[in-house]
Amino acid sequence: MRTTHRVLYLGVLVILVGCNLFPTPILPPSGLTIVPGGPANTNPYFGKLRTAQGTPIGDFMLASCGCGDWRVLIEPSNGLARASFPVNFYTQGDYTTDKMVTVYGEDEASGEALSAVLNQLEGLTTGVYQPVGEMQSRFDATRGDSHNQPVEACGKCHIGEDTVYPLPPWHPQKYKTNPNVCFECHTVNGG
């Protein structure tokens, strides 16, 4: 009886270690049509990055940067550097706003990648993220619907100490005291 338990525990251990040491690669979708410019509703998605067991390990954001450029921003809660890279959207056949779409993105320089399903009607996205040299994690996010949420999305990438795309030095400085002024000059859809 003890031998059976030891073999069972050893088998579970081998499976856990093997799955974590050799994660399944996230590959680009095949046989799907790219959605130029992304989904019609350009409000950002905010959510959580989680372990396979569901423990939150960071923040997740999927947002339009305007002109059809969408990016993902991953902010680990363990203090590691943020990750950001472009994503594309794919659909089976012609794009419509009532279809589920596939999201795929990768950072070719680092090897990070993500794949997700986006439910346009419900404003939800769920998927997997593969950081460099770490175990895959999953994420879930909900589409925002207020004016302040696109402003917050812009601020996460362009304002602060650890910016993804720092604003140029000639940019007006009033955003530092009131980030909500971004849309006095800019729009989410390209300006």
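Brief remarks on what is shown
- The set of residues in region 115-129 being under 13 Å from residue 50 (Cα atoms), crowded, with 19+ Cβ neighbours inside 10 Å and not hydroxyl-bearing (Ser, Thr, Tyr) consists of 127 alone.
- Looking across region 124-134, the residues that are modelled with pLDDT of 95 or more and not hydroxyl-bearing (Ser, Thr, Tyr) come down to 124, 127, 128.
- Breaking point among (1) farther than 20 Å from residue 152 by Cβ; (2) assigned to a loop (DSSP other than H, G, I, E, B), for residue 101: (2)
- Looking across region 103-114, the residues that are in contact (Cβ under 8 Å) with a residue 24 or more places away in the chain and either acidic (Asp, Glu) or surrounded by fewer than 19 Cβ atoms within 10 Å (Cβ to Cβ) (or both) come down to 106, 107, 110, 112.
- Under the condition of being among the small types (Gly, Ala, Ser), within 27 Å of residue 152 (Cα to Cα) and in contact with a strand residue (DSSP E or B) (Cβ under 8 Å, 6 or more places away or on another chain), the residues counted in region 21-53 number 2.
- Residues of region 76-102 classified as touching a residue at least 40 places away in the same chain (Cβ under 8 Å) and among the charged types (D, E, K, R), total: 2
The values are calculated or read from the model by the stated rules, or taken from the named source; none is laboratory data. Please read these numbers as outputs of a predicted model, since none were measured by experiment. Here Cβ is always computed from backbone atoms with ideal geometry, including for glycine, and neighbour counts include all displayed protein chains.
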